[in-house]
1. Let me confirm something: among Phe20, Phe3, Phe67, which residue is without any contact (Cβ under 8 Å) to a residue 60 or more places away in the chain, of a type in the set (A, V, I, L, M, F, W, C), touching a strand residue (DSSP E or B) at 6+ places or on another chain (Cβ under 8 Å) and more than 21 Å from Ile187 (Cβ to Cβ)?
2. Can you go through Glu188, Glu198, Glu182 and tell me which one is within 19 Å of Ala48 (Cβ to Cβ) and open to solvent by 90 Å² or more (accessible area, probe 1.4 Å)?
3. Can you find a residue in segment 55-68 that is at positive phi, crowded, with 22+ Cβ neighbours inside 10 Å and of a type outside the set (A, V, I, L, M, F, W, C)?
4. One residue is enough: does segment 82-90 have a residue meeting the conditions open to solvent by 10 Å² or more (accessible area, probe 1.4 Å), more than 16 Å from the chain's Cα centre (by Cα) and modelled with pLDDT of 95 or more?
5. Which of the residues belonging to segment 69-81 are surrounded by fewer than 21 Cβ atoms within 10 Å (Cβ to Cβ) and part of a helix (DSSP H, G or I)?
6. Taking segment 80-107, which residues are of a type outside the set (A, V, I, L, M, F, W, C) and under 20 Å from Ala27 (Cα atoms)?
7. On the basis of being open to solvent by 50 Å² or more (accessible area, probe 1.4 Å), at negative phi and modelled with pLDDT of 95 or more, does Glu133 make the cut?
8. Which of the residues spanning segment 28-46 are within 24 Å of Ala110 (Cα to Cα), of a type outside the set (Val, Ile, Thr) and part of a helix (DSSP H, G or I)?
Amino acid sequence: MAFEKLKQRLESNGFSVSVFATGEEAAAYLNRQIDGVTVGMGGSMTLAQLGLQKSIGAHNTLYCHGFTPGDPKEVQRMASSADVYLLSANAVAADTGEIINIDGTGNRVASSLYGHKKVYFVVGRNKVAPDFESALHRARNVAAPKNAQRIGVKTPCAVKGDKCYDCQSPQRICRGLVVLWEKPKAIETMEVILIDEELGY
């Protein structure tokens with residue numbers, strides 16, 4: 001996939017951008033860039049597929065619920081104040097450069113807006129959609145149902161795995177939507193890592 005147009009658009013929106021052919025190259029880059037600091041990570045199959053919890057955690061102080069031992073809520077709280085935060089995106093719009101994330105707990109999207117010196121979005125080519133409408137559709141109707149199935153909630157999207165039903169289930173994971181039009185002012189650097197492989201949901 002050619003990322004040139006998306007890279008230019010993201011940069012015009014205030015994001016730094018690095019492009020890699022493989023996840024292995026991207027992981028090596030991140031491990032060089034992030035060293036000896038506190039690191040928070042959001043729940044992400046992309047990060048897990050790249051083995052970043054283990055590799056980043058080997059030479060940083062890592063807070064990642066589901067990986068770091070301890071009470072999950074306390075781990076999330078510590079992650080929210082880490083120097084660096086890593087997450088993926090549910091979708092990115094190629095023509096306008098919006099980054100879209102849907103969250104149930106809110107920790108991941110909160111950290112994409114405030115509280116860190118540097119934030120990295122790690123994004124496989126499958127997350128890139130042509131425009132904002134298709135990116136939003138992808139986030140709601142592709143990424144969210146797959147994540148609901150992964151964590152085993154009892155929602156219509158998890159049962160059928162086909163689309164968002166805008167349900168009222170108490171186990172609903174789609175509770176907040178964040179669209180980044182530009183880099184938030186409070187975060188010094190926000191870098192998008194574009195990888196020419198299919199990663200995550």
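The values are calculated or read from the model by the stated rules, or taken from the named source; none is laboratory data. In this text, all values refer to a predicted model and were calculated from it rather than measured experimentally. Backbone-built Cβ (ideal geometry, glycine too); neighbour counts: all protein chains shown. Heavy atoms of the whole protein, side chains included, go into the accessibility calculation; ligands, DNA and RNA do not. Shrake-Rupley method; radii C 1.70, N 1.55, O 1.52, S 1.80 Å.
1. None of the others qualify; the one that does is Phe67.
2. Result: Glu198 is the single residue among Glu188, Glu198, Glu182 that is within 19 Å of Ala48 (Cβ to Cβ) and open to solvent by 90 Å² or more (accessible area, probe 1.4 Å).
3. Among the residues of segment 55-68, not one is at positive phi, crowded, with 22+ Cβ neighbours inside 10 Å and of a type outside the set (A, V, I, L, M, F, W, C), which makes the answer no.
4. yes
5. Pro72, Lys73, Glu74, Arg77, Met78, listed by residue number.
6. Selection gives Asp83, Tyr85, Ser88, Asn90.
7. Spelling it out, Glu133 is indeed open to solvent by 50 Å² or more (accessible area, probe 1.4 Å), at negative phi and modelled with pLDDT of 95 or more.
8. Those that are within 24 Å of Ala110 (Cα to Cα), of a type outside the set (Val, Ile, Thr) and part of a helix (DSSP H, G or I): Leu30, Asn31, Gln33, Met45.
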